[in-house]
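Colleague: Sharing a structure here in structure tokens format.
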Amino acid sequence: MKLTKTVWATVIATTLAVTSMSAHADKKELVQKILSAQQGALDDMARTVAEQPARQLAGGARQILSQAVPEDKREATAKLVDAEIKKYLDAATPVVRASASKLSQTAIGPQIEEKFSEDELKQLVTMLDSAVLKKYQGLLPELSNSLLEKVVADARSQVTPKLQTAEGNIRKILDTATGGKLSSAAQAPAATPAAKPAAKK
């Protein structure tokens, strides 16, 4: 009798363990499908991360080009700078993309698995596979750009004076900090050409 109970207890425990492992495996598989469906968003994030330093490099280079590089050398120098920035992006973007893809498994996957039930994960996979959702996501860049253009046009008249005020105030702060060098440089008259000698009579 005791042996029978032990056998049944073992069978039940084994069945529950197998069911639990199967459910766990099913959830992991669903999480992988969700992460795969989000690969485009991960790639966009990776590109943004890689491009941020490139923008800073380009901004700094433009400032030096306009201030310190002779005008006749600016175009050629700008092309060299652009080539270096492109070389950086070509090398850095795949690295960041691979890192985002790899880390999504440990940074996002476990949280999704923990916070969603298996049924919710199935619903989420169905939603992400929806042709309508994919169409909407494909339109998002176009919709965002359209909105951005309209916002800029609508707000420009109100924002421009605020920007000009901020620029003026920053210039005053910097002028004070440099002991008036900015205002002196702005007010310095252009060098007058040397007077021609009077024509001999």
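Colleague: Would you mind finding the one in LYS79, LYS86, LYS102, LYS73 that is under 29 Å from LEU30 (Cα atoms), basic (Lys, Arg) and either assigned by TED's automatic domain parsing to the domain that holds SER36 or at pLDDT below 90 (or both)?
Modeller: So the residue among LYS79, LYS86, LYS102, LYS73 that is under 29 Å from LEU30 (Cα atoms), basic (Lys, Arg) and either assigned by TED's automatic domain parsing to the domain that holds SER36 or at pLDDT below 90 (or both) is LYS102.
Colleague: Sticking with this one: Is it the case that GLU142 is charged (D, E, K, R) and exposed (fewer than 10 other Cβ atoms within 10 Å of the Cβ)?
Modeller: Yes: the conditions hold for GLU142.
Colleague: Here is a further query. Can you spot a residue in region 131-149 that is hydrophobic (A, V, I, L, M, F, W, C), more than 29 Å from ILE34 (Cα to Cα) and out of contact with any Gly (no Cβ under 6 Å at 6 or more places or on another chain)?
Modeller: Yes, region 131-149 contains a residue that is hydrophobic (A, V, I, L, M, F, W, C), more than 29 Å from ILE34 (Cα to Cα) and out of contact with any Gly (no Cβ under 6 Å at 6 or more places or on another chain).
Colleague: If you go through region 46-69 one residue at a time, do you hit one that is under 30 Å from GLU120 (Cα atoms) and in contact (Cβ under 8 Å) with a residue 24 or more places away in the chain?
Modeller: yes
The values are calculated or read from the model by the stated rules, or taken from the named source; none is laboratory data. Computed from a predicted structure; not experimentally measured. All Cβ positions, glycine included, derive from the backbone under ideal geometry; neighbour counts span all protein chains shown.
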